[in-house]
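K.L.:
Below you will find the structure I want to go over with you.
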Amino acid sequence: MKKIVAFVGGVLLSVGSLSAQDDSNVFNHLGASVGVGSTGISIDIATNITDYVSVRGGVDIMPKFKYKSDIKINGVAERQTQYDQVRAANPGLNLPAVTFPERVDIEGKLNNTTGHVLLDFYPGKSIDWHLTVGAYFGQKKVIDIYTTDASQLMGVYQYNASAQREALNFPKIGAQLGDFFLEPDQTGIVNATVETKSFRPYAGIGWGRAVPKNHSLGFSVDMGVQFWGTPKVYCQGQELSVKDVGNNDGGFMKTLTKITVYPTLTFRLTGKLF
């Protein structure tokens, strides 16, 4: 967040300096705006390069929304029976008594605050419709997914560890979230993240001037997409590959990890500073 603000601030100070020094119709007005939309709360500073082009930079502050749910642990009834039978038949093996949960509580948190630098191109001096190109940038990690109760999956970790240690032909147990298999660590915790590109080119269209021409206040709307690449899922710091075992949970994750662009729609109240 500090790096985003510092970068955008440097760009805006440079633009502001040019605006103050030039008396021509280039870089001669400075505007500001505040908006809301799919990128969160947007704050911009903008200037006109000419009557046909303007540049704006700012920060999009996304509230850290949290979402609680529960997901299914696959095949636990069969695994519990198999494990208990092997444990009873082989008392010499170091197999602890464990109980597998059928479902586990999880929590997700959104982390998608970004900065942006955008160029608006207008087809005429008095036309407010514009094409926009530029980029959004921020941290790679956009979603955190984690379990909220370590005790729920401790038995699952012990089962997986014992099967590996004793070279038993047991399939691993874990939580299936969308197309991804999440395995708990030695503390019984699942800690996963969804990551995208930190630099995201943007293209879109809109209506309204970044710096109002004939009034002190104005309104604008922008619609477009950020190209953030194919989202990747990490669990315990390791990138996961797709492993769909037929579970219907995690429908949002199934969709999210197949979307390579982030739709952007923002409504702004704009103002002319000078």
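The values are calculated or read from the model by the stated rules, or taken from the named source; none is laboratory data. This is a predicted model, so every value here is computed, not measured. Because the Cβ atoms are built from the backbone with ideal geometry, glycine has one as well, and the counts that use them run over all protein chains shown. What goes into the accessible areas is simple: the full protein's heavy atoms, side chains included, and nothing from ligands, DNA or RNA. Shrake-Rupley method; radii C 1.70, N 1.55, O 1.52, S 1.80 Å.
K.L.:
If each DSSP helix of 4+ residues adds -39,500 (n - 2.57) and the sum is divided by the residues in the chain, what number results at 222 nm, nearest 500 deg cm²/dmol?
P.N.:
Details: 4 runs with 56 residues, N = 274.
Theoretical 222 nm ellipticity from helices: -6500 deg cm²/dmol.
K.L.:
Turning to a different aspect of this structure: Compute the angle between helix 76-89 and the longest alpha-carbon principal axis of the chain, please, reported from 0 to 90 degrees and rounded to the nearest 10.
P.N.:
30
K.L.:
Something else about it: Which lysines does Lys258 reach when only Cα atoms under 23 Å apart count, and residues fewer than 8 places away in its own chain are ignored?
P.N.:
Lys64, Lys66, Lys68, Lys72, Lys109, Lys140, Lys141, Lys197, Lys232, Lys243
K.L.:
Right, next: When Lys and Arg each count +1 and Asp and Glu each count -1, what net charge do the other residues less than 12 Å away from Lys213, Cβ to Cβ, add up to?
P.N.:
Computed value for this residue: +1.
K.L.:
I would also like to ask the following. Region 43-116: Rg/Rh from Cα coordinates, Kirkwood Rh?
P.N.:
Expressed as Rg/Rh, it is 1.52.
K.L.:
Using only Cα atoms, find the angle between the long axis of helix 150-165 and the longest principal axis of the chain, and express it within 0 to 90 degrees, rounded to the nearest 10.
P.N.:
Tilt relative to the chain: about 60 degrees.
K.L.:
D for region 64-155, whole µm²/s, Stokes-Einstein with Kirkwood Rh over alpha-carbon pairs at 10 °C and 1.306 mPa s: what number?
P.N.:
Using the Kirkwood radius from Cα pairs, D works out to 86 µm²/s.
K.L.:
Averaged per residue, what accessible area in Å² does region 169-216 show with a 1.4 Å probe, protein chains only?
P.N.:
42
K.L.:
Do any chymotrypsin sites (Phe, Trp or Tyr not before Pro) in region 55-151 lie in a DSSP loop with no more than 16 other beta carbon atoms within 10 Å, and if so, which?
P.N.:
Working: sites: Phe65, Tyr67, Tyr83, Phe121, Trp129, Tyr136, Phe137, Tyr146; in loops: Phe65.
Answer by residue number: Phe65.
K.L.:
Just need log10 I(q)/I(0) for the chain at q = 0.14, 0.16 Å⁻¹, Debye formula, equal scatterers on the alpha-carbon atoms, no solvent, rounded to two decimals.
P.N.:
-0.92, -1.10
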